[in-house]
Amino acid sequence: MRHRVVLVLALVSLGLLGRAPAAWSCSCGEQTTAQAYRTAAVVFIGMVTAVEERAGATDVSGEIGASFAVHDVFKGSMPRRATISTFAGAPACGFDFVAGKRYVVFASGEDGQLKTDTCSGTTPDLTVLSKAGFDKPKTQYSMLEDAVAPLAPAGALPVGSSRTGMVVFAFVLAAVALASLLVGRFRMRRSADLPGGGV
């Protein structure tokens, strides 16, 4: 009898464990873009330049920080460069940011501690704001810097950046100058070798 009780308890425990992942999964209520806009502290479009896992982050807990180059600010005040926090892992409703991609970000928080998640409305669909009637950003930053070095942190110059371009340009310029000098000397010699060229 005792063995049967233990067996039943074991089966019940396994059943509960089998259902645990579903219970831990993220669940968001439906909301429109307008509702997400109203509840967010800031709304902006920007490109992720880096994603960094913070100490202690795991697949189901902790936080990661996504660094952004901010392009268009629709609500609130945002600097040119900003970091947005999100939970680590889908079960905690963490948003899976990818470096090099642009997103519409709906974030909450204050004092520079901004957070977002999969329930906030944040999305890679850059048309959601215009479709909801929010088509005029209050602040716009130039995207030229990001076009030159999209994944570089502030103050850094990656391989293939403008510094490398300047080196290549200087090399080409020196080569052209040297070629022009050689051509000039060749013409002078040829002119001197011709009859009457030295007169």
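Nothing in this text is a laboratory measurement; each read-out follows from the coordinates by a stated rule. Model, not experiment: these values are computed from the prediction. Every residue, glycine as well, gets a Cβ built from its backbone with ideal geometry; the counts of neighbours run over all protein chains shown.
Would you mind computing, in nm to one decimal, how far apart the modelled labels at Leu182 and Lys101 are, each placed 7 Å from Cα along Cα→Cβ?
Placing both labels 7 Å along Cα→Cβ, they lie 5.1 nm apart.
Could you state the orientation-averaged shadow area of the convex hull built on the Cα atoms of the range 33-148, in nm² to one decimal?
Working: hull surface 27.6 nm².
Projected area, direction-averaged: 6.9 nm².
If you stretched the chain out fully between Ser142 and Cys119, how much longer would it get, using 0.36 nm times the residue separation minus the C-alpha to C-alpha distance? Let's see the in-between values first.
Details: separation 23, 0.36 × 23 = 8.28 nm, distance 2.91 nm.
Gain on extension, Ser142 to Cys119, equals 5.4 nm.
As an exercise, use a Förster radius of 22 Å and the Cβ-Cβ distance of Glu53 and Leu126 to find the FRET efficiency, rounded to the nearest 0.05. Mind showing how you got there, number by number?
Details: r = 26 Å, r/R0 = 1.18.
After rounding to 0.05, the efficiency reads 0.25.
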